[in-house]
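Visitor: Structure provided below as structure tokens; questions to follow.
The values are calculated or read from the model by the stated rules, or taken from the named source; none is laboratory data. Nothing here was measured: the structure is a model prediction, and the numbers come from that model. A quick note on method: Cβ atoms are made from the backbone with ideal geometry, for glycine too, and the neighbour counts reach across all protein chains shown.
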2 protein chains.
Amino acid sequence: MRYCPQCGHAVDMIIPTGDNRVRAVCPHCEHIDYDNPRIITGTIPFYKGQLLLCRRNIEPRFGYWTLPAGFMENQETTSEGALRETLEESGSIAVCKQAFSMISIPHINQVHLFYIAELERDDFHVTEESSEVALFDLDNIPWGELAFSSVSRTLRLFIEDHKNKSYGFHEDTIYVNTTSD
Amino acid sequence: MRYCPQCGHAVDMIIPTGDNRVRAVCPHCEHIDYDNPRIITGTIPFYKGQLLLCRRNIEPRFGYWTLPAGFMENQETTSEGALRETLEESGSIAVCKQAFSMISIPHINQVHLFYIAELERDDFHVTEESSEVALFDLDNIPWGELAFSSVSRTLRLFIEDHKNKSYGFHEDTIYVNTTSD
């Protein structure tokens, strides 16, 4: 941030009084801008023993497979955002069953949240964001072509819990930007 | 937002191409500004059967009791943020045991996240943000003087789970801004 969003004056990057972090502070109108982590919310869409994945038609990671997920928007809940993203990316209507994984990724200021969700029917299609949408057996996940490490970690945890027939809530941290874990 | 944070030009509030929401878009440099929900992260600090609460020395809800919590900052994990806020507000060093509650509050674009945390010792003190810091028995919570509905909801869930000797992960939504629930 270089200019004040409230008055358009150039900002100073300083630690405001009573704070302990550098913020963009406007010397003209005194507005302080706070930049905070963002939530990526999505689903693990489950249908008759198979998982729905989307092949990304957008950057980053164009052409790689992902669980449907995206930035949580204002005025929605975490689960509403997850279902909206699922519809936008896969054309499918799902129902959230439970929050499953919450993964902090501090070096990119994001928290990734995935819900186990059931598809009501095998009704899905290619979208602007996904060049391909398909159901995969749990022993046939395209591990080498997954878009994000939060997705591969979530899928591994899901498959493990599915084998144990008990789904928990999993918290984790990804410190390095890698798609293999 | 009225001015572009990248170039200082006045922004237009329009729906960008390929989007479906109104954003602040700069007609000069084409920067699009995304405003997303923020995470409030905090703890339920537990010590020998008692809970630590802080009396707010800052607005909003000055003078009311709260669990230690605040905005998650960039470059940290959700649990690191919770422990940082606990230290800042109560002077106490805690250890996160598990994520306990995640409460979406869509009308203020926030997600409140609370961890069960154990205090290592009964070492806490008044801080700039808290005029009083004290341990409370579970049957002596100051229900009528709690600062936020996410705090009262989290405390009710915690006490219920404590009685059942099994702590779950609870997801909830607060649709109306009220301190009583």
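Visitor: If only one of B:GLU80, B:GLU118, B:GLU132 is in the same structural domain as B:ARG156 (by TED's automatic domain parsing) and within 14 Å of the chain's Cα centre (by Cα), which one is it? Talk me through it step by step, then tell me what you get.
Guide: Values: B:GLU118 fails: within 14 Å of the chain's Cα centre (by Cα); B:GLU132 fails: within 14 Å of the chain's Cα centre (by Cα).
When all the criteria are applied, what remains is B:GLU80.
Visitor: Still on this structure: With the structure loaded, tell me whether A:THR154 is in a helix (DSSP H, G or I) and either more than 10 Å from chain B (Cβ to nearest Cβ) or surrounded by 14 or more Cβ atoms within 10 Å (Cβ to Cβ) (or both) or whether it fails that test.
Guide: Values: in a helix (DSSP H, G or I): yes; either more than 10 Å from chain B (Cβ to nearest Cβ) or surrounded by 14 or more Cβ atoms within 10 Å (Cβ to Cβ) (or both): yes.
So A:THR154 passes the test.
Visitor: Of the residues that make up region B:15-35, is at least one under 17 Å from B:THR154 (Cα atoms) and either within 17 Å of the chain's Cα centre (by Cα) or more than 9 Å from chain A (Cβ to nearest Cβ) (or both)? Full working, then the answer.
Guide: Step one: filter region B:15-35 for residues under 17 Å from B:THR154 (Cα atoms), giving none.
Taking every residue of region B:15-35 in turn, none turns out to be under 17 Å from B:THR154 (Cα atoms) and either within 17 Å of the chain's Cα centre (by Cα) or more than 9 Å from chain A (Cβ to nearest Cβ) (or both).
Visitor: In addition: Consider region B:133-144. How many of its residues are farther than 20 Å from B:THR41 by Cα and in contact with a Gly (Cβ under 8 Å, 6 or more places away or on another chain)?
Guide: Final tally of qualifying residues: 2.
Visitor: Next question, about the same structure. For region B:131-151, name all the residues that are out of contact with any helix residue (DSSP H, G or I) (no Cβ under 6 Å at 6 or more places or on another chain) and surrounded by fewer than 17 Cβ atoms within 10 Å (Cβ to Cβ).
Guide: Passing the criteria: B:SER131, B:GLU132, B:ALA134, B:PHE136, B:ASP137, B:ASP139, B:ASN140, B:PRO142, B:TRP143, B:GLY144, B:GLU145.
Visitor: Within 11 Å of chain A (Cβ to nearest Cβ) and either under 17 Å from B:GLU171 (Cβ atoms) or outside any loop (DSSP other than H, G, I, E, B) (or both): does that describe B:ILE116? Break it down into steps so the answer makes sense when it comes.
Guide: Working: within 11 Å of chain A (Cβ to nearest Cβ): no; either under 17 Å from B:GLU171 (Cβ atoms) or outside any loop (DSSP other than H, G, I, E, B) (or both): yes.
No; evaluated as a whole, the condition is false for this residue.
Visitor: If you don't mind, there's one more thing I want to ask. Out of (1) within 19 Å of the chain's Cα centre (by Cα); (2) at negative phi; (3) within 13 Å of chain B (Cβ to nearest Cβ), what's the single condition that is false for A:TYR167?
Guide: Among (1) within 19 Å of the chain's Cα centre (by Cα); (2) at negative phi; (3) within 13 Å of chain B (Cβ to nearest Cβ), the lone unmet condition for A:TYR167 is (1).
Visitor: Shifting gears a bit: Would you mind telling me which numbered condition in (1) closer than 23 Å to A:GLY81 by Cα; (2) among the charged types (D, E, K, R); (3) free of Cβ contacts under 8 Å to residues at least 24 places away in the same chain B:ASP172 fails?
Guide: (3)
Visitor: OK, next. Please list, ordered by residue number, the strands (runs of 3 or more DSSP E) wholly in region B:8-105 having 3 or more residues that are crowded, with 18+ Cβ neighbours inside 10 Å and small (Gly, Ala, Ser).
Guide: Details: elements: B:12-14, B:23-25, B:38-47, B:50-56, B:69-71, B:94-105.
In region B:8-105, the matching strands (runs of 3 or more DSSP E) lie at B:94-105.
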